[in-house]
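> Dropping a structure here in C-alpha cells format, bear with me for questions.
The values are calculated or read from the model by the stated rules, or taken from the named source; none is laboratory data. As the structure is a computational prediction, the values presented were derived from the model and not from experiment. Positions of Cβ are generated from backbone atoms using ideal geometry, with glycine treated the same way; all protein chains shown enter the neighbour counts.
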Amino acid sequence: MPDPVTEQKAIAATLSGDPYAFAWLVQQYKHMVHTICFRILKNTEEAEEASQDSFVKAYQHLDRFQGTSRFSTWLYSIAYRTAISQLRKHGTPTVPLEQVMVHEPGPTSDQGLERDDRRIALNKAMDRLPPEDAALISLFYLNELSVEEIVTVTGSSASNVKVKLHRLRKRLLELLQDELKEEAWTLIEN
C-alpha cells in the first residue's frame with residue numbers, strides 16, 4: 001500500500017496538472033483495480049477495458065475526491081461500479097477456465113506445488129460464485145478492505161456486507177470442498 005503522504009502529494013500534483021503524478025497512482029493501484037473488474041466480468045479484455053475506464057473516470061473526477069476515505073477506497077468504488085455497469089450492459093459472459101487462471105512460473109518444490117494447487121482450487125471456486133460475490137470476497141480478503149470501506153465501495157449497508165461475507169465464506173468452503181472432491185476422484189480414476 002502506498003504511503004499516504006506520497007499519495008496525497010501525487011493527488012495534489014495531478015490536480016495541478018502533472019500527468020506523471022497520476023501515472024504513479026495508476027501504477028500503485030492497477031493490479032487491484034483489474035482484480036476487482038476481472039472478478040465481476042470474468043473476461044480479461046472486458047476487465048482491462050473497465051480498468052482503463054475506471055482510471056479515466058478517477059482522473060476526470062479527482063477534484064471530487066474529498067479525502068474523507070482512503071484514496072484506494074474511492075478508486076475501488078469507481079472500479080466496482082464501472083464493472084457492474086459493464087456487466088449489466090453486456091450480460092454475464094462465460095469464459096474457459098484457462099482464461100480465468102493466472103499463469104505463473106511453476107514452483108520448484110513440493111510446497112510450491114501445494115500452494116499452486118490451493119490457488120488453482122480457490123480460483124475455480126471463486127469462478128463459480130456470482131460476479132458481485134466474487135468481487136466482495138476479493139475486496140475483503142485480497143485487498144483487506146474493512147467492512148466500512150466495502151460499504152463505501154459497494155453502496156450496501158454494513159449489515160448487508162457482514163451477512164454476505166458470512167454466507168460467502170460458507171459457500172466458498174462448500175465450493176472448495178467440491179473442487180477437492182472432484183480432484184480426488186480424478187486422481188483415483190487415473
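> In segment 49-74, how many residues are of a type outside the set (F, W, Y), surrounded by 15 or more Cβ atoms within 10 Å (Cβ to Cβ) and assigned to a helix (DSSP H, G or I)?
Number satisfying all stated conditions: 11.
> So which pairs qualify, if the first residue must be in segment 64-76 and on the phi > 0 side of the Ramachandran plot, the second must be exposed (fewer than 15 other Cβ atoms within 10 Å of the Cβ), the Cβ gap must be under 8 Å, and the two must be at least 6 apart or on different chains?
Partner pairs satisfying both residue conditions: G67/Q8.
> State all residues of segment 39-48 that are touching a residue at least 40 places away in the same chain (Cβ under 8 Å) and in a helix (DSSP H, G or I); if no residue qualifies, say none.
R39, I40, L41, T44, E46
> Let me spell it out: the conditions are (1) aromatic (F, W, Y); (2) farther than 17 Å from I36 by Cα; (3) at pLDDT 85 or above, and F140 meets all of them except one. Which number is the exception?
It fails just one condition, (2).
> Just a yes or no: is a residue in segment 14-31 in contact (Cβ under 8 Å) with a residue 12 or more places away in the chain and assigned to a loop (DSSP other than H, G, I, E, B)?
Within segment 14-31, the first condition is being in contact (Cβ under 8 Å) with a residue 12 or more places away in the chain, and the residues that meet it are 14-15, 21-22, 24-26, 28-30.
Among the residues that remain, those that are also assigned to a loop (DSSP other than H, G, I, E, B) are: none.
No; the residues of segment 14-31 include none that is in contact (Cβ under 8 Å) with a residue 12 or more places away in the chain and assigned to a loop (DSSP other than H, G, I, E, B).
> Run down A47, A58, A10 and say which single residue is over 30 Å from D127 (Cα atoms) and of a type in the set (A, V, I, L, M, F, W, C).
Working: A47 fails: over 30 Å from D127 (Cα atoms); A58 fails: over 30 Å from D127 (Cα atoms).
Only one candidate qualifies: A10.
> Okay, next question. For the subset of segment 78-125 comprising residues that are at pLDDT 85 or above and touching a Leu at 6+ places or on another chain (Cβ under 7 Å), which member is surrounded by the fewest Cβ atoms within 10 Å (Cβ to Cβ)? Show your work before the answer.
Here is the first cut: in segment 78-125, the residues at pLDDT 85 or above are 78-89.
The next check asks that each one be touching a Leu at 6+ places or on another chain (Cβ under 7 Å); those that pass are 83, 86-87.
Values: A83: 28, Q86: 18, L87: 21.
It comes out as Q86.
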